Amino acid sequence: MNFMEERIREEGRVKEGNVLKVDSFLNHQMDIDLFERMGREFKERFKDKNINKILTIEASGIGIACIAARYFGVPVVFAKKSHSINIDGDVYMAEVESFTHMRTNRVIVSKKFLSEGDRVLIIDDFLANGCALKGLIAITEAAGAEVEGIGIAIEKGFQPGGEAIRDMGYDLQSLAIVDGMDAESGEVIFREQ
Ligand code: 5GP
């Protein structure tokens with residue numbers, strides 16, 4: 001078991017509706033030593049890629065992306081949830097269905113911060129159905145930038161996002177892949193990597 005799998009086994013809580021709660025270390029309280037290890041691991045996994053920008057989505061991806069960015073020496077851009085109905089021409093926009101909140105968010109990135117020639121590493125906390133990632137990929141490609149890789153803390157491999165993104169040809173690296181979990185027993189099964 002790697003460090004992320006161990007931590008999930010110790011503190012992750014399986015909730016009804018295929019939700020894994022990891023708010024004691026990942027997306028509410030944040031364990032920065034763990035984030036450092038994640039950043040180091042992402043750097044190792046993408047060491048051959050010439051990345052010049054990290055892209056994530058608010059809110060839970062931001063902390064992970066910021067620590068990872070120290071290892072890559074690049075800036076972080078995060079897609080913002082926008083409530084405005086009047087989106088002007090200065091932003092790239094995508095509609096993202098939220099897995100945990102069961103609603104659609106419009107997310108935007110200013111054209112000032114993503115452009116042709118950028119080589120982007122996309123980072124997020126969870127991968128479930130892949131909606132968040134598909135939105136970030138669409139924004140990157142609309143900017144004429146290149147998706148060099150995708151780093152995820154926890155992929156739920158029993159949901160379709162991971163397979164869909166890999167089938168699209170992207171280099172997707174997940175620190176832990178959960179292949180099954182049971183709300184009643186609390187059991188979590190990891191994919192061998
Ligand atoms: P997707 O768009 O891949 O369906 O879902 C990804 C987003 O939903 C992540 O950014 C994350 O915030 C949230 N998410 C999906 N599944 C879980 C989960 O099991 N636990 C938590 N805490 N967040 C999740």
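The values are calculated or read from the model by the stated rules, or taken from the named source; none is laboratory data. Since the model is a prediction, treat every value here as computed from it, not as a measurement. Counting neighbours? That spans all protein chains shown, and the Cβs are built from the backbone with ideal geometry, glycine included. All accessible areas refer to the heavy atoms of the entire protein, side chains included, with ligands and DNA or RNA removed. Shrake-Rupley method; radii C 1.70, N 1.55, O 1.52, S 1.80 Å.
Things worth noting here:
- Note on the chain: lysine pairs with Cα distance below 24 Å, sequence gap of 8 or more or different chains, count 28.
- Sparsely packed GluC sites (Glu not before Pro) within region 78-178, loop by DSSP, other Cβ within 10 Å at most 15: Glu116
- Net charge over other residues, Cβ less than 14 angstrom from the Cβ of Ala153 (K, R count +1; D, E count -1): -4
- Residues in region 169-179 carry Karplus couplings, in order, of x, 7, 7, 9, 10, 10, 5, 9, 10, 8, 9 Hz; the curve used is 6.51 cos²θ - 1.76 cosθ + 1.60 with θ = phi - 60°, and Gly or Pro positions show x.
- Karplus 3J(HN,Hα) series, Hz, for region 93-110 with 6.51 cos²θ - 1.76 cosθ + 1.60 (x for Gly, Pro): 9, 9, 9, 10, 7, 8, 5, 7, 9, 6, 8, 9, 10, 8, 10, 10, 10, 5
- When the solvent-accessible area of the chain is split by element, carbon and sulfur atoms take up 45 percent of it, the probe being 1.4 Å.
- Å² of accessible area per residue within region 139-193, as computed with a 1.4 Å probe and no ligands counted: 44 Å²
- Near the amide H of Ala79, within less than 5 Å, lie the amide hydrogens of Thr56, Ile57, Glu58, all on another chain or at least 5 residues away, with H placed in the peptide plane.
- Neighbourhood charge, 14 Å Cβ-Cβ cut-off, centred on Ser185 and excluding it, Lys, Arg +1 and Asp, Glu -1: -1
- Normalised contact order of region 12-93, rounded percent, pairs of Cα under 8 Å and 6 or more residues apart: 24 percent
- Rounded to 10°, Cα long-axis angle of helix 60-72 versus longest principal axis of the chain: 80 degrees
- The chain: mean projected area of Cα convex hull, nm²: 10.4 nm²
- Amide H within-cut-off set for Ser98, under 5 Å, with H built and near neighbours excluded: Arg103, Thr104, Asn105
- The chain: most fluctuating residue of Gly151, Gly89, Gly162 per GNM, C-alpha cutoff 10 Å: Gly89
- In sequence order, calculated HN-Hα J values of region 4-12 (Karplus, 6.51, -1.76, 1.60; Hz; x Gly/Pro): 6, 4, 4, 5, 5, 4, 6, 10, x
- Between amide H atoms placed 1.01 Å from N, distances below 5 Å from Phe190 occur with Asp179, all of them 5 or more places distant or on a separate chain.
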